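Taken together, the values in this text are just the output of simple stated rules run on the coordinates, not laboratory data. The shown structure was predicted, so the numbers you read here are calculated from the model rather than taken from an experiment. Using ideal geometry, Cβ is built from the backbone for each residue, glycine included, and neighbour counts are taken over all protein chains shown.
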Amino acid sequence: MPKITVDGKQIECRDGVPVLQAVLEAGWDVPHYCYHPGLSVVASCRLCLMEMKMPHPQTKEMDWAPKLFPSCQTPVKDGMEVRFASEGVASSQSHVMEYYLVNHPLDCPVCDKAGECYLQDYSEKFGHASSRMVEDKHKNPKKDIGSKTLLYSDRCVVCSRCVRFGDEVAGAGELRVINRGHRAEIDVFPGVPLENELQGNVVDLCPVGALLSKDFLFQQRVWNLRSTPSVDPTTSAGATIWIDHNDDRIFRVRPRFNEKVNEWWISDETRFGWKYVADSKRLNQPLQRDNGAMKPLRWEAAPELLRRLLDEAASADQGVGVACVLSPMLSCEEAWLLSTFVRSRAPQATLVTGYVPVSGPDKTFPKGFKISAEKAPNRRGVESIIKAMGGPNATFEQFVKSAGDGKFKLAYVTGGYPQVWLTADQARAIGKVQTLITHDLFESALDEYATIRLPGASWAEREGSFMNADGLIQPFERALKPLDGVKSDGQFFHELVGRPGLYRGAKTREAMAEKIPAFGDIFVPRPEPEHAH
Amino acid sequence: MAYEQILMRNCREGGDPSIKQYKAAGGYQALDKALAMKPDELVEFVKGANLRGRGGAGFPAGVKWSFLPPNRTVTYLCVNADESEPPTFCNRVLMEHDPHMLLEGIIIAGYATRTTVAYIYMRGEFTEQFHVLQKAIDEAYADGLLGKNIRGSGYDMECYIHRGAGAYVCGEETGLIESLEGKRGWPRIKPPFPAVEGLFHKPTVVNNVETLACVPHILTRGLDWWNGLGTQNSKGTKMYCVSGPVNRPGCYEAPLGITTRELIYGKDFGGGMRDNMKVKTVAPGGISMGFLRGDMFPKPDGGKVDVTRDCDELDCLLDFDDPRHYGLLGLGTAAAVVVAEDTDIRDVLFNVTRFFSHESCGQCTQCREGTGWMHRVAARIRDGAGRQYDLDLLAEITKNMGMMPGLSICGLPDGAAFPIRTLVQKFRPEFEKRIGEQQADAAKRRILQTNPAAYDLPILQGRAVQPAGGTYMTPEKLKRN
């Protein structure tokens, strides 16, 4: 661990990182635009310049060198002495900030980035209140560069992060800088729009309001948004994300740094995969079959009813005829609570891993970012719980077959998929179960056979943890209140088990870890210093 | 007095650029001499000649070659023929009239650096020169001077011409390398220097055309001859260009260290000013090096250099050191642009800023935005709507860009800053006089015309504090640099 001295204070830093990264991690606020830890270094924004002690050419004494060095390009070396708190550095920073606004349109009132814009932040902290630029501004055009992204190149600071991202991480290289000097702008090649599967990241990467998401455009001022740490519910990779929401509505999803999984990026599938949460077709009323017709059921009456049905089904044979399908969309805690409940009434009940949607092969990008083919977040978590619970278990295919053979008297089927997940044949087979309890987000082919149909909550309305395909258990928090008429799954299972009070993910995890120690070991990514993005 | 023409011996109208002519003039004898030596001996030999790079920075070529890592398998030699400095055309003249001199230099330098492939990066606008040089390369291949086993020495080297697409910044060595790799010509951050990791991530030497053309002559005529020419730290012969309202604009050869006055008035050189005009200003090293005051100013007292006084500065020696005493960046390409007394200094400023604003590559912020800003300020001053404050502003912007204070990746912003700074410093009285002659509120009207909202700009109303001036590059720091 090299030790360096910054502004007279000694700090310890990780090996091989640039000085800029080290001082940001140690809590300094050093302005920068082009540097991003996930991309190559170009040292072109000239904002992170620092002074460094060097041996004097004649006397060989260590002294402040009479020039500035880009801290993003200088690797840390033990014993190095640098400073940012000096008149020279401040003067250079203030000039560069003035240059950035020479051709900038200053249209913050209509800019989506306002409020989280590093041109605003740095101008306030390192720049000036007024400009000396009284000439005609050069105005680069606004462009539509892809189905999801807009480019307002008049706001661009030409940090070239998006270009490097396209080349190095996405491997698509669609974006390029064209023209020279202050006319330089980002553009795509004619007829080749920005359409790679990671394109949403360029919007996060942009330190200013040049690259904008069409989906988020003019939707919300960012200072009204609240961010909740969460985990990607669309694939088994377990990318960590922020859910930005306001008034119980999601407005956007951003990546949350995770050194073991997704680093700084997420795929567009994750980024735009939350739309179903606000779908008007979502179920919002528990129903019970009464003489062939579905009648509303009060949530308060549901636990008692389920207990009675389960006891009846399991009274004769310890519950051999009972099955519980644990969807990979459930969190570990929910799956554990539900299986505990079912096994407490029917010890020989079959636990089934729910349907796992898979589409195509895994996709790996040049720097190792992966889009996983498995489109459910918690297959591995559910499987480990079933394994730890012991007793009879089955795959989803086996369950459908046995159900079709009339083996089951009662089945509790959880869904929660954003897409259609059952074929009519599968539904018909499952429909042979005499008492069928479904718990799902949307109407499905099972509805006509269901005895009880419970509305589920989406992942953003629940809390718990997902175990990703590599076995990392990552907790996520609740961002939204459940839809009117919906109870969060965890709370409902909590009541089924008969635990007192409110369901909390962390509390449940503790109780679960007592039974299954592996679940005590959760992974929380290391906090990342504030980078300009 | 007339100097011996060495580099330019074949440069005349109707001269024959063929290999036959070159061999008849004693060409390719240096190559035999070189091939008899060991490569490292050759590097030491050129080091001994203190052959300083003719491309502008004046870095010794032999020292550059010795930076190559010792155990390398592939080495590239890039010949910088992207001659884009505004009034410079010496490389063009050389390649047009004596391409084999350059080729011999390339082969010798290639042998010394154990180069496997040499690329000649040629300015895109050179069309005729390209055909001449390509023909010379074909002749050299046919004669066994390039390709496998050159002259039976067992040394192999290939040589190709790559034509640029017209960017000034591609004359910067790493910009050239990027462009040669097929990318946008954005200079690279250093370190690593090209000698360690250059073209295609392999050790690379980048040399100017004229530098390489000097190498055969040093070998044939010897170090004593070479070191007998020039001044203390600037040895050898050099091609000078002179353009502007002189009687004989053109390219001339002389040992390093002639005066600017000689270049303009010497009968073998510029031959004096047209219509006996006086010189207002001259940029003796290509415009990016900065401007000298001409002889319309009085002679200095006692011949002492004092750039703060309005004195005739034409006694500046054209070698690698003396221009610095006059506030210039260096010798540059030794291509003098002469501006006569009847030219408005505002037009000179406008033209200079326009060039750098157009050619800034757009990578570093100070240069990208600064050059464009200065151009627009200069345009406003030229249009008769300047302010006294603009002169301070220009001086301040030029002090806050450039590689010397570590504010940019390449040297282009230094080259943009020096001419503008020297113009504003040395011709401030004239600028002030011109601004004084304007209509009283011309500047304000012009500003409101471009931006009606500027009416409320606190800065125009005198309500806000101007952003603090100043610069990182204080005089003491400049001195240490």
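Annotations
- A:Ser444 long-range amide H proximity, modeled H, under 5 Å: none
- DSSP loop GluC sites (Glu not before Pro) with at most 16 other Cβ within 10 Å: longest gap in chain B: B:182-340
- Estimated 222 nm signal from helices in chain A, with DSSP H stretches of n ≥ 4 weighted -39500 (n - 2.57), rounded to 500: -6500 deg cm²/dmol
- Rounded to whole Å, sorted largest first: equivalent-ellipsoid semi-axes of chain B, Cα gyration tensor: 42, 25, 19
- Simple rule: put +1 on each Lys or Arg Cβ and -1 on each Asp or Glu Cβ in chain A, find the dipole, and look at A:Cys13, A:His439, A:His138; the Cα lying farthest toward the positive end is A:His439.
- Two-decimal log10 I(q)/I(0) for segment A:103-218, as the Debye equation yields it once each C-alpha is a single scatterer, q = 0.11, 0.16, 0.20 Å⁻¹: -0.36, -0.75, -1.13
- Loop-located trypsin sites (Lys or Arg not before Pro) in segment B:138-218 (DSSP state other than H, G, I, E, B) with a sparse environment of at most 15 neighbouring Cβ atoms within 10 Å: B:Lys148, B:Lys183.
- Most simply put, segment B:19-227 has about 10% antiparallel DSSP beta bridges, counting only bridges with both residues inside it.
- Amide proton proximity set for A:Thr435, modelled H, under 5 Å, gap of 5+: A:Leu410, A:Ala411
- Tail weight of P(r) past 16 Å, computed on alpha-carbon pairs of segment B:96-159, percent: 42 percent
- Taking other C-beta atoms within 10 angstrom as a stand-in for reagent exposure, B:Cys170, B:Cys410 fall in the order B:Cys410, B:Cys170, fewest first.
- Value of Rg/Rh across segment B:344-450 [Cα atoms, Kirkwood radius]: 0.99
- Across segment B:2-19, coupling constants 3J(HN,Hα) worked out from phi with the 6.51/-1.76/1.60 Karplus curve, θ = phi - 60°, read 8, 9, 5, 8, 10, 5, 9, 5, 9, 8, 8, 5, x, x, 9, x, 7, 5 Hz, and Gly and Pro carry x.
- Ordering A:Asn468, A:Ser40, A:Leu205 by the projection of their Cα atoms onto the charge dipole of the protein assembly as shown, which places +1 on the Cβ of Lys and Arg and -1 on the Cβ of Asp and Glu, puts A:Asn468 at the extreme positive end.
- Taking every Cα-Cα distance in chain A and sorting them into 20 Å bins starting at zero, the pair-distance distribution P(r) comes out as 20, 44, 26, 9, 1 percent.
- Summing charges over neighbours of A:Ala239, with a neighbour being any other residue whose Cβ is under 14 Å away from its Cβ, gives -3 when K and R count +1 and D and E count -1.
- Amide H contacts under 5 Å for B:His162: B:Ile120, B:Tyr121, B:Met122, restricted to partners 5 or more places along the chain or on a different chain, H placed in the peptide plane at 1.01 Å from N.
- Segment A:219-264: C-alpha gyration tensor shape, a/c 1.5 cut-off, then a/b vs b/c: prolate
- Subset of A:Lys3/A:Lys77; A:Lys113/A:Lys481; A:Lys275/A:Lys367; A:Lys9/A:Lys53; A:Lys295/A:Lys432; B:Lys280/B:Lys426 violating a 19 Å alpha-carbon distance limit: A:Lys113/A:Lys481; A:Lys275/A:Lys367; A:Lys295/A:Lys432
- Column: log10 I(q)/I(0), Debye, Cα scatterers of segment B:19-227, q = 0.09, 0.13, 0.15 Å⁻¹: -0.30, -0.65, -0.90
- The calculated P(r) of segment A:20-164, using every Cα pair and 10 Å bins from 0, goes 10, 34, 33, 16, 6, 1, 0 in percent.
- Ranking A:Leu351, A:Ile250, A:His128 by how far each Cα lies toward the positive end of the dipole of chain A (charges on Cβ) leaves A:Leu351 at the top.
- Here the protein assembly as shown was treated as a single set of alpha-carbon atoms; its pair distances binned every 20 Å from 0 give 12, 33, 28, 16, 9, 2, 0 percent.
- Phi angles across segment A:38-50 convert, under the Karplus curve 6.51 cos²θ - 1.76 cosθ + 1.60 with θ = phi - 60°, into 3J(HN,Hα) values of x, 10, 5, 8, 10, 6, 9, 7, 6, 9, 8, 4, 9 Hz, Gly and Pro given as x.
- Segment A:426-472-segment A:494-518 distance, computed between alpha-carbon centres (Å): 21 Å
- Dipole magnitude for the protein assembly as shown: about 780 debye, using +1 per Lys or Arg Cβ and -1 per Asp or Glu Cβ, origin at the Cα centre.
- Centroid-to-centroid separation of segment B:116-157 and segment A:78-130 [C-alpha atoms, Å]: 50 Å
- By the beta-carbon count within 10 Å of each Cβ, the least crowded to most crowded order of A:Asp440, B:Asp82, A:Asp317, fewest first, is A:Asp317, A:Asp440, B:Asp82.
- Counting only the Cα atoms, segment A:3-85 fills a convex hull of 96 Å³ per residue.
- Cα-centred dipole magnitude for segment A:351-400, charges only on beta-carbon of K, R (+1) and D, E (-1), debye, nearest 20: 260 debye
- Here the residues B:Tyr111, A:Tyr99, ranked from fewest to most Cβ neighbours within 10 Å of their Cβ, fall in the order B:Tyr111, A:Tyr99.
- Phi-based couplings in Hz for segment B:412-424 (Karplus 6.51, -1.76, 1.60; Gly and Pro marked x): 4, x, 4, x, 7, 6, 5, x, 5, 5, 5, 4, 5
- Tail beyond 20 Å, pair distance distribution of segment A:242-351 (Cα, percent): 64 percent
- Net charge dipole, segment A:98-184: roughly 240 debye, given to the nearest 20, about the Cα centre with Cβ charges of +1 for Lys and Arg and -1 for Asp and Glu.
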